[in-house]
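Undergrad: Input: one structure, supplied below.
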Amino acid sequence: EDGDIICFQKSPVSDGETQVRYPDVPSFLEYVHNRQVVHFRSLEKPKEDDFCLELSKLHTYDDVVERVARQLGLDDPSKIRLTSHNCYSQQPKPQPIRYRGVEHLLDMLVHYNQTSDILYYEVLDIPLPELQCLKTLKVAFHHATKDEVVIHSIRLPKNSTISDVITDLKTKVELSNPDAELRLLEVFYHKIYKIFPPHEKIENINDQYWTLRAEEIPEEEKNLGPHDRLIHVYHFMKDPNQNQQIQNFGDPFLLVIREGETAAEILERIQKKLRVPDEEFSKWKLAFISMNRPEYLQDVDVVSARFQRRDVYGAWEQYLGLEHTDTTPKRSYTANQNRHTFEKPVKIYN
């Protein structure tokens, strides 16, 4: 009446060479109770099932990656990196599973109070334990003479410095001359928020939301005079839907302004730097912006008089603004912001 099932087993023939995963009824029923069909997807194609494996929720981390490696015909399971599934967003979780970072398969599948049956995998070019000792940064390199951006992946030990990043980058990019010096900038929402000092460690740098931009240091910036200033220049327009508030776009840049230099002289240098045609540039306006309020400059205005401090690095405080129409085709990847208003090709090297 209660539906009990009685299982019995014949006494197995003794054979020392045969290895059986579940040699008796209790171990087999434990497997039946914990078995889980897992849908594996390549992280590069997160919407498509690649293959399925029947596993046990009690399988260890090593058990799971060994089965995946066997399925893919890979000799080294440590080159498999897994990522859990977010049941709410139906996307891979932002952070992959660390090497032996969980004990069992069940720990990989649980997301808050829900259990998923999806895991994402990657095949790495080096073992995961070795990779976890490294830091990978995506750096957008802006050519000094070409209108293009090249995205490079820089992979170095976590205790490396910005100087190490620049040294590595120099072996991968095309420089205007062999002795060119590079700097690394942190760009967010079309503003420069930081110029990295060479000695800073890379371990805590987050390039997930910020764009890391590398560029050559112009000769005019290397020997600043006592009255010269290095300032920020941003592109902007006024948003008619938000009470004419300033909206930045395009690629910001640094510019040296000299004592007594007028707005007309600075505009001439900016046009030459950005290589903007006369017809287009005639529509641009130059403004001194402080606390997000523009003060439009006339040709004869002395720009250096507007900046009271030599080290104006606070992008949110004072900068020169170039007001004009944003004609840049919209892209989702922030590192693809072009240097001025015109679209530039972007190349990505991993």
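The values are calculated or read from the model by the stated rules, or taken from the named source; none is laboratory data. Everything quoted here is computed from the prediction, not taken from an experiment. Methodologically, a virtual Cβ is constructed for each residue, glycine included, from the backbone with ideal geometry; neighbour enumeration extends over all protein chains shown. The protein model used for the area step is the full one, side chains on, heavy atoms only, and it has no ligands, DNA or RNA in it. Shrake-Rupley method; radii C 1.70, N 1.55, O 1.52, S 1.80 Å.
Undergrad: Can you name the residue in region 8-36 that is open to solvent by less than 70 Å² (accessible area, probe 1.4 Å) and touching a residue at least 12 places away in the same chain (Cβ under 8 Å) and is also nearest to Q71 (Cα to Cα) among such residues? First the steps, then the outcome.
TA: We begin by selecting, within region 8-36, every residue open to solvent by less than 70 Å² (accessible area, probe 1.4 Å); these are 22, 24-25, 27, 31-32, 34, 36.
Remaining after also requiring touching a residue at least 12 places away in the same chain (Cβ under 8 Å): 24-25, 31, 34, 36.
Details: D24: 27, V25: 28, Y31: 20, N34: 21, Q36: 16 Å.
Ranking the qualifying residues of region 8-36, first place goes to Q36.
Undergrad: I118 fails exactly one of the following numbered conditions: (1) touching a residue at least 40 places away in the same chain (Cβ under 8 Å); (2) in the same structural domain as R155 (by the TED database). What is the number of that condition?
TA: Failed condition: (2).
Undergrad: Hey, another quick one. Taking the criterion of being within 22 Å of the chain's Cα centre (by Cα), surrounded by fewer than 16 Cβ atoms within 10 Å (Cβ to Cβ), farther than 30 Å from S176 by Cβ and not acidic (D, E), would at least one residue in region 95-117 satisfy it? Break it down into steps so the answer makes sense when it comes.
TA: Step one: list which residues in region 95-117 are within 22 Å of the chain's Cα centre (by Cα), which gives 95-99.
Imposing the further condition that a residue be surrounded by fewer than 16 Cβ atoms within 10 Å (Cβ to Cβ) reduces the set to 95, 98.
From what is left, the residues that are farther than 30 Å from S176 by Cβ are 95, 98.
From what's left, not acidic (D, E): 95, 98.
Within region 95-117, one or more residues are within 22 Å of the chain's Cα centre (by Cα), surrounded by fewer than 16 Cβ atoms within 10 Å (Cβ to Cβ), farther than 30 Å from S176 by Cβ and not acidic (D, E).
Undergrad: Among (1) open to solvent by less than 60 Å² (accessible area, probe 1.4 Å); (2) in a loop (DSSP other than H, G, I, E, B); (3) more than 30 Å from M237 (Cα to Cα), which single condition is A144 missing?
TA: Every condition holds for A144 apart from (3).
Undergrad: Take the conditions at negative phi, open to solvent by 30 Å² or more (accessible area, probe 1.4 Å) and out of contact with any strand residue (DSSP E or B) (no Cβ under 8 Å at 6 or more places or on another chain) and apply them to E48. Does it pass?
TA: In short, no.
Undergrad: A further question on this structure: Tally the residues that are in contact with a helix residue (DSSP H, G or I) (Cβ under 9 Å, 6 or more places away or on another chain) and either more than 25 Å from N206 (Cα to Cα) or not in a loop (DSSP other than H, G, I, E, B) (or both), restricting the search to region 84-121. Before the answer, list the steps.
TA: The initial filter retains those residues of region 84-121 that are in contact with a helix residue (DSSP H, G or I) (Cβ under 9 Å, 6 or more places away or on another chain), namely 84-85, 96-108, 115-119, 121.
Filter once more, so that each one left must be either more than 25 Å from N206 (Cα to Cα) or not in a loop (DSSP other than H, G, I, E, B) (or both): 84-85, 103-108, 115-119, 121.
The qualifying residues number 14.
Undergrad: Would a scan of region 245-261 turn up a residue that is aliphatic (A, V, I, L, M), surrounded by fewer than 15 Cβ atoms within 10 Å (Cβ to Cβ), on the phi < 0 side of the Ramachandran plot and assigned by the TED database to the domain that holds L322? Walk me through how you get there before you give the answer.
TA: Restricting attention to region 245-261, the residues satisfying the condition of being aliphatic (A, V, I, L, M) are 246, 254-257.
Pick out the ones that are also surrounded by fewer than 15 Cβ atoms within 10 Å (Cβ to Cβ) and you get none.
No, region 245-261 has no match at all.
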